[in-house]
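Colleague: Below is the structure I would like to discuss, written out as structure tokens.
What follows draws every value from the coordinates through simple rules; no lab data is involved. Since the model is a prediction, treat every value here as computed from it, not as a measurement. When we count neighbours, we look across all protein chains shown, and the Cβ atoms used for this are built from the backbone with ideal geometry, even at glycine.
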Amino acid sequence: MKRIAIFTSGGDAPGMNACIRAVVRTGLHHGLEVFGIYRGYQGMIEGDIVPLYSASVSNIIQRGGTILKSSRSAEFLTKEGRQKAMNALQKYGIEGVVAMGGDGTFHGASVFTSEHGVPFVGIPCTIDNDLYGTDFTIGYDTAINTVVEAVDKIRDTATSHNRLFIVEVMGRDAGFIALRSGIASGADAIFVPETQTDMNYVAKQLQRSWARERSSSILIVAEGDEFGGAMEVHAELQKRFPEKEMRISILGHLQRGGNPSCMDRVLASRLGMAAVETLLEDKHTVMVGLRHRDITLTPFESAVKHNLSLNPGLLKLAETMVI
Ligand code: F6P
């Protein structure tokens, strides 16, 4: 294998640039030519492909976002679209591809390889941390630190005004961001899709806390919670406690940006190097991951299909800390 390409796909994540840098420099280290594909699968279809050199990835390890841009491509879901993408790869003589993204990215890669034979290796890049086969996905650590910093600021004004704040965080239909950031920011309640929300229990907890002169409260709600997002939780609690001042903060895409944390930069660099070496070992249709500090390979099918459960120890910790 002499020519490989890399692209970023799906929601961007802090650390993607550190990963692109590691892929390029590992490829060059092994004497490969490395190409960058802009805008994910859509750029592959359009042949938006450029050679990358060591200098191309200088001074990006600390930057959020992705220099290769990202997108979601409906055209790639069609056989014709994937054929156009194959034509583009052939035009540049690309023999292997590193796909950085989440479950949608890896599913598309599986289909493409089964149709065209070009080997893909995936790197888990999503702030949601919802991929099976790795302890953490690239971007997750930075996102939860962003949430904690934001909630610390919200707590200042909640305390000044004796208010209850309902803070909505991302995570799509997973509660990983909400759980860890909720524990770290000392939330009075954490709402995650993986557990049934008991609003009576939450109401009792709040009343007990207010009875102990705890005048302000912080609730963290995962956007995918079955009860609904922050708006629904607010409506329910304001109905139960009409006299209590409440406010909502939806953190949104703030969680997707920012300079990647040290943990994310190192994770991204390790997985970027591992992905290139996996291709060189003639392995493909797998996602590289880090489990208990070791690099592991997980078939795409498993990485996207297995539901990841929240750590029971963390759930117990969250419940215990709010007595
Ligand atoms: O998958 C990452 C993520 O940030 C989710 O947490 C969120 O629900 C979604 O992407 C938002 O997608 P978009 O950037 O297309 O609005």
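Colleague: L308: of a type in the set (A, V, I, L, M, F, W, C), within 16 Å of T137 (Cα to Cα) and not in a loop (DSSP other than H, G, I, E, B), yes or no?
Modeller: no
Colleague: Being touching a strand residue (DSSP E or B) at 6+ places or on another chain (Cβ under 9 Å) and part of a loop (DSSP other than H, G, I, E, B) is the filter here, so list the residues in the range 206-224 that pass it.
Modeller: Result: S216, E223.
Colleague: Just the residues that are under 20 Å from G139 (Cβ atoms), within 16 Å of the ligand (Cβ to nearest atom), hydrophobic (A, V, I, L, M, F, W, C) and buried (at least 20 other Cβ atoms within 10 Å of the Cβ), please, taken from the range 227-267.
Modeller: L251
Colleague: Is it true that some residue in the range 86-95 is farther than 24 Å from M273 by Cβ, aliphatic (A, V, I, L, M) and surrounded by 16 or more Cβ atoms within 10 Å (Cβ to Cβ)?
Modeller: Yes.
Colleague: If you don't mind, there's one more thing I want to ask. For the range 298-323, what are the residues that are within 26 Å of I4 (Cβ to Cβ) and in contact (Cβ under 8 Å) with a residue 40 or more places away in the chain?
Modeller: T298, F300, E301, S302, A303, V304
Colleague: Considering G64, G15, G43, which residue is under 24 Å from the mean Cα position of the chain (by Cα) and under 27 Å from S114 (Cβ atoms)?
Modeller: From the options G64, G15, G43, the qualifying one is G43.
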